[in-house]
Amino acid sequence: MPVTTAKPRKRLTREQSRARTRATLVAVGRAHFLHYGLGGAVAEKIAEDAGYSRGALYANFDGKEELFLVVIREEQARHLNVFRSLLKEEPSGKKRLKKMRDAIADLMTDHDWIVLRAEFEVGALRSERIRQSFVEVHRQQLRDGTELVRDLLRSPEVTSRLKPDDFITVIINLAHGLAVTQRILGAELSQKSTRGLVQSLFDHLISSA
């Protein structure tokens, strides 16, 4: 009976190994920030749970604050890609608007994003470094969101009560504040009701013929 031998794994380059280490630390860090918060998370414990030494974390990040900011920026990039894909795949202005509305309602009632965004806000109130990063991320979010709304408004079917940048400012801040309140109140304000309120706010500000 012939004996089969496993093919040796291809050795990773230094860049590939570093990218894998960073990705693992980011994933584990994300889980820790969700569970313990930015203040309660411990860099050494994140490294340990990721299977690396404390030195490996500090070789890739200045510390847990920088790791947290990377987590936030990756979340933002992922959300933006989802929105862009939705608009790119649908030619109908009316359907694009509905998909955008539902995607925003989904995001604003997503437990993980609510917690991470709230931690980001609290961190910004306590740390000047995080505050500066919050401002940068917020401005980028406004630019990206404004671009998406302008894309929607290119369709003659779609009209808005506000300028694109004002619309995004209202949606981001009011919808997120509502979602945080829902997470705190629990049964008094259901996730389903919150999602419906976000959709209603969206429909009031921008609509299709």
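Quick notes on this one:
- Solvent exposure of the chain as accessible area per residue, Å², 1.4 Å probe: 60 Å²
- Cα gyration tensor shape of segment 94-209, rounded if a/c is under 1.5, else prolate or oblate by comparing a/b with b/c: oblate
- Label-point separation, Val42 to Glu128 (7 Å along Cα→Cβ), nm: 3.0 nm
- Counting only aspartates and glutamates at least 8 places from Lys163 when in the same chain, those with an alpha carbon closer than 12 Å to its own are Glu147.
- Relative contact order of segment 93-209, pairs being alpha-carbon contacts under 8 Å that are 6 or more residues apart, as %: 39 percent
- For q = 0.11, 0.12, 0.18, 0.24 Å⁻¹, Debye-computed log10 I/I(0) when each Cα of segment 1-105 counts as one equal scatterer: -0.55, -0.61, -0.86, -1.18
- Surface composition of the chain: carbon plus sulfur atoms hold 52% of the accessible area, using a 1.4 angstrom probe and ignoring ligands, DNA and RNA.
- D_trans [Stokes-Einstein, Kirkwood Rh over alpha-carbon pairs] for segment 19-79, 20 °C, 1.002 mPa s, µm² s⁻¹: 191 µm²/s
- Value of relative contact order over the chain, rounded to a whole percent, pairs C-alpha under 8 Å and six or more apart: 20 percent
- Among Val71, Val115, Val170: highest mean-square fluctuation, GNM of the chain, C-alpha pairs under 10 Å: Val170
- Shape box of the chain [Cα atoms, principal axes, largest first, Å]: 67, 52, 34
The values are calculated or read from the model by the stated rules, or taken from the named source; none is laboratory data. Computed from a predicted structure; not experimentally measured. Note: ideal-geometry Cβ built from the backbone for every residue, glycine included; neighbour counts use all protein chains shown. These area figures cover heavy atoms from the full protein model, side chains too; ligands, DNA and RNA do not enter into them. Shrake-Rupley method; radii C 1.70, N 1.55, O 1.52, S 1.80 Å.
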